[in-house]
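Everything on this sheet refers to the single structure shown next.
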Amino acid sequence: MLVILGILISLFSFLYMAAPFTRKFFAGGVCRTSAQLPGKVVVITGANTGIGKETARELARRGARVYIACRDVLKGESAASEIRADTKNCQVLVRKLDLSDTKSIRAFAEGFLAEEKELHILINNAGVMMCPYSKTADGFETHLGVNHLGHFLLTYLLVEQLKKSAPARIVNLSSVVHHVGKIRFHDLQGEKRYSRSLAYCHSKLANVLFTRQLAKKLQGTGVTTYVVHPGIVRSELVRHSFLLCLLWRLFSPMVKSAREGAQTTLHCALAEGLEPLSGKYFSDCKKAWVFPKARNNQTAERLWNVSCELLGIQWE
């Protein structure tokens, strides 16, 4: 036992001593485009904290009119105030959006469409991770309901506005753990078997498959879509897991900051020449490989149809 403890202490000591030399490596890719966004309109879900907040900050710095769409309006206003002061851009607005409630999603979309005539960038950033078993207001398992179905419905409600504003982009946040996920059509709501960690992975695979199918639906419209793995990032997303919170602290030199985690999102939202890569998966600001199950057209199409049925919509 003492030997193991000694090894662990030595390992942690090495990691912290090496931190100045390893930070650049673990920080990953950087969005290098100098594109400016005056007159452009952006919606970012969950932008009151973490990656979303840093994404909103950078897009505001480039002159965009940024809508922070989040459940906690007070936190959203605090984030918006900070971003406005930092960027000198007063066009950072907060609107209520609860992705666990389709009524809230529809209310947000209705209000936004009444307020704005254009939408150039939609970033589906918000998410939940490793929640104890629970259901949304509409009876969907929470990971599926928030991470996939909530953003599916939001995109559906805003897609015509994006088409009218083309060229436009949709960026969906996923995770490398989608490799572990499965689309369990026989038990989508996790009522037969539930694992909080696997439920998150399943929802992240759904994000990749949704993006793949969405790209097909949007061909020829001038709207393109991308799905990203932001990296292992220090954020509030791990709040439901004491173990992950502990690991994040112990291995902090290897974990990205929120600003570093936002880089691939920014790359997919802004970089020139990405149109031929619509529907693809990105990591560290470049196209990345995915397992065959994340490229399965039959699964993607079936998930699309099932999602429409669950939400009571028709999206051809």
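The values are calculated or read from the model by the stated rules, or taken from the named source; none is laboratory data. Predicted, not measured: the structure shown is a model, and the values here were computed from it. Don't worry about glycine lacking a Cβ; one is built from the backbone with ideal geometry, like all the others, and counts go over all protein chains shown.
Looking at F25, F21, F12, just one residue is among the aromatic types (F, W, Y) and either surrounded by 11 or more Cβ atoms within 10 Å (Cβ to Cβ) or modelled with pLDDT of 95 or more (or both), and that residue is F12. Is it fair to say A126 is outside any helix (DSSP H, G or I), closer than 20 Å to A199 by Cβ and either at pLDDT 95 or above or of a type in the set (D, E, K, R) (or both)? So A126 fits the description; yes.
Scanning the stretch 42-57 for residues that are in contact with a His (Cβ under 8 Å, 6 or more places away or on another chain) and not polar (S, T, N, Q) returns a single hit, V42. Scanning the stretch 272-292 for residues that are among the charged types (D, E, K, R) and out of contact with any helix residue (DSSP H, G or I) (no Cβ under 7 Å at 6 or more places or on another chain), we see that the one that is farthest from G220 (Cα to Cα) is K286. Does Y200 satisfy the condition of being more than 23 Å from T102 (Cβ to Cβ), surrounded by 24 or more Cβ atoms within 10 Å (Cβ to Cβ) and under 15 Å from the mean Cα position of the chain (by Cα)? So Y200 fails the test. Of the helices (runs of 4 or more DSSP H) that lie entirely inside the stretch 230-316, those containing 1 or more residues that are at pLDDT 90 or above and either buried (at least 17 other Cβ atoms within 10 Å of the Cβ) or more than 20 Å from the chain's Cα centre (by Cα) (or both) span 258-261, 263-270, 297-311. Note on the stretch 35-57: among residues that are among the hydrophobic types (A, V, I, L, M, F, W, C) and part of a helix (DSSP H, G or I), the one that is farthest from G127 (Cα to Cα) is A56. Can we say V66 is under 20 Å from L113 (Cα atoms), buried (at least 23 other Cβ atoms within 10 Å of the Cβ) and touching a residue at least 60 places away in the same chain (Cβ under 8 Å)? Here the answer is no, as V66 does not meet what is asked.
Taken across the stretch 83-97, residues that are under 26 Å from F140 (Cα atoms) and either assigned to a helix (DSSP H, G or I) or touching a Lys or Arg at 6+ places or on another chain (Cβ under 8 Å) (or both) do occur, with at least one present.
Pairs, please: C-beta under 9 Å, at least 6 apart or cross-chain, first residue closer than 15 Å to F108 by Cα and in contact (Cβ under 8 Å) with a residue 24 or more places away in the chain and in the stretch 144-157, second in a helix (DSSP H, G or I) and among the acidic types (D, E)? Going by the 9 Å Cβ cut-off, the qualifying pairs are L157/E110.
Across the stretch 91-115, what is the total count of residues that are among the charged types (D, E, K, R) and touching a Ser or Thr at 6+ places or on another chain (Cβ under 8 Å)?
3
Listed here are the residues, each with its yes/no results for (1) farther than 19 Å from S197 by Cα; (2) surrounded by 16 or more Cβ atoms within 10 Å (Cβ to Cβ).
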| position | (1), (2) |
| --- | --- |
| I121 | yes, yes |
| K135 | no, no |
| Q161 | yes, yes |
| P167 | yes, no |
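There is no residue in the stretch 141-156 that is part of a loop (DSSP other than H, G, I, E, B) and either at pLDDT below 95 or surrounded by 16 or more Cβ atoms within 10 Å (Cβ to Cβ) (or both).
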